[in-house]
Amino acid sequence: MNLDTQSKENIEYMLESIKDKLQIVNASALNSKNFDTEHYEDLRDIYLHVQKKSNFSVSELDAIVTELGQLRK
């Protein structure tokens, strides 16, 4: 998958990957319909950060979820 291209499909893919990796229970909070391409680069940065790490502290999880919440429409 080429994440250099801004598209709704890529947003959906990244959000699904983030939800799976972080084991987010309330997955509806990260519905791809709530994100647009305006913040694509920020979302991609979060995605790459999440994919690099194997585990997260509670404060890291909180910060990631907070940041994703700020990127929502």
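The values are calculated or read from the model by the stated rules, or taken from the named source; none is laboratory data. These numbers come from a predicted model, not from an experiment. Counting neighbours? That spans all protein chains shown, and the Cβs are built from the backbone with ideal geometry, glycine included.
This table checks each residue for (1) modelled with pLDDT of 90 or more; (2) of a type outside the set (S, T, N, Q); (3) within 12 Å of the chain's Cα centre (by Cα).
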| residue | (1), (2), (3) |
| --- | --- |
| E12 | yes, yes, yes |
| E16 | yes, yes, yes |
| I24 | no, yes, yes |
| A27 | no, yes, yes |
| E38 | yes, yes, no |
| L43 | yes, yes, yes |
| K52 | yes, yes, no |
| K73 | no, yes, no |
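Within the range 1-16, being touching a helix residue (DSSP H, G or I) at 6+ places or on another chain (Cβ under 6 Å) and either part of a helix (DSSP H, G or I) or of a type in the set (D, E) (or both) holds for I11, E12, M14, L15. Of all residues in the range 21-32, none satisfies the criterion of being exposed (fewer than 11 other Cβ atoms within 10 Å of the Cβ) and under 19 Å from N10 (Cβ atoms).
Taking the criterion of being of a type outside the set (A, V, I, L, M, F, W, C), under 14 Å from I11 (Cβ atoms) and either touching a Leu at 6+ places or on another chain (Cβ under 9 Å) or surrounded by 12 or more Cβ atoms within 10 Å (Cβ to Cβ) (or both), the residues of the range 46-73 that qualify are Y47, R72.
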